[in-house]
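The values are calculated or read from the model by the stated rules, or taken from the named source; none is laboratory data. These figures come from a predicted structure and were not determined experimentally. Neighbour counts are summed over all protein chains in view; Cβ atoms, including those assigned to glycine, are modelled from backbone coordinates with ideal geometry. Only protein heavy atoms, including side chains, enter the accessible area calculation; ligands, DNA and RNA are left aside. Shrake-Rupley method; radii C 1.70, N 1.55, O 1.52, S 1.80 Å.
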Amino acid sequence: YKRRGASEGLSADHYFPFYIATHLPAGVSGLVAAAVFAAAMSSIDSGINSVTAVVMTDFLERFGLMGLFVGTLIADTSPLPLTHEPITFLGITAGIPQLTLLATISAASVASGPIGWTCGRLFVSDTALSAWLDRRYPGFMGMMRRRGLTAVALAALIPIPFALATWTAGMLRLPLPK
């Protein structure tokens, strides 16, 4: 391949990407790149899913419905991008009745609101979070200031993490409903 136009100085690891970039049509090279990224994402996703399944299975066997409640509460209260859907699927595969599962997870989600509000009020500096939220979700802070707790309910319906909305409400010292 070196004799047919590959640039000198390429290591063996770079020949395949060089070939894709210079010799394949644009659509085909895009498909190859998408396939490589999909394979990498699939491998990473499988590993995370396996670890989550093992941890949650042990958690569920040990703590039962209280484990589901606490797991959902942590996922919905944490400002990290966590989700309670794996916990829901775990409950379904464990054979927990659907109505019981729905009630447990819903109660934890509702309980996470005041907990997130309290965490935001106690632990978050207004300037640091405001600057980050303005960069990540433009217009979010203005919506929170204008709409108050209605914005928290709106955030639960749009792709803004619920925990960020509740922490922000606490940080802005929005009053809790009576």
Some residue of the stretch 151-164 being over 30 Å from Ser50 (Cα atoms), touching a residue at least 24 places away in the same chain (Cβ under 8 Å) and outside any loop (DSSP other than H, G, I, E, B): yes
Subset of the stretch 62-100 that is of a type in the set (Ser, Thr, Tyr) and open to solvent by less than 60 Å² (accessible area, probe 1.4 Å) - its residue that is modelled with the highest pLDDT: Thr100
Gly170 vs. criteria part of a helix (DSSP H, G or I), over 27 Å from Ile48 (Cβ atoms) and at pLDDT 80 or above: yes
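Being charged (D, E, K, R) and under 17 Å from the mean Cα position of the chain (by Cα): is that true of Arg136 here?
So Arg136 passes the test.
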Hey, Ser125 open to solvent by 40 Å² or more (accessible area, probe 1.4 Å), at negative phi, among the small types (Gly, Ala, Ser) and modelled with pLDDT under 80 or not: yes
Close pairs (6 angstrom Cβ cut-off, 6 or more residues apart or separate chains): free of Cβ contacts under 8 Å to residues at least 12 places away in the same chain and closer than 18 Å to Pro175 by Cβ in the stretch 95-122, open to solvent by less than 50 Å² (accessible area, probe 1.4 Å) and among the charged types (D, E, K, R) anywhere: none
Candidates Ile115, Ile92, Ile96, filtered to the one that is more than 18 Å from the chain's Cα centre (by Cα) and assigned to a loop (DSSP other than H, G, I, E, B): Ile96
Verdict on Val51 being exposed (fewer than 11 other Cβ atoms within 10 Å of the Cβ) and part of a helix (DSSP H, G or I): yes
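Residue check: is Ala35 out of contact with any Pro (no Cβ under 9 Å at 6 or more places or on another chain) and open to solvent by 40 Å² or more (accessible area, probe 1.4 Å)?
So Ala35 fits the description; yes.
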Cβ pairs under 8 Å, 6+ apart, first in the stretch 73-84 and farther than 15 Å from Ala155 by Cα, second assigned to a loop (DSSP other than H, G, I, E, B) and aliphatic (A, V, I, L, M): Ile74/Leu82; Ala75/Leu82
Single residue of the stretch 75-89 satisfying the filter (out of contact with any His (no Cβ under 9 Å at 6 or more places or on another chain), assigned to a helix (DSSP H, G or I) and not charged (D, E, K, R)) that is farthest from Ala169 (Cα to Cα): Phe89
Answer from Gly120, Gly148 - the residue that is surrounded by fewer than 19 Cβ atoms within 10 Å (Cβ to Cβ) and modelled with pLDDT of 75 or more: Gly148
Residue check for Ser130: modelled with pLDDT under 80, of a type in the set (Ser, Thr, Tyr) and open to solvent by less than 20 Å² (accessible area, probe 1.4 Å): yes
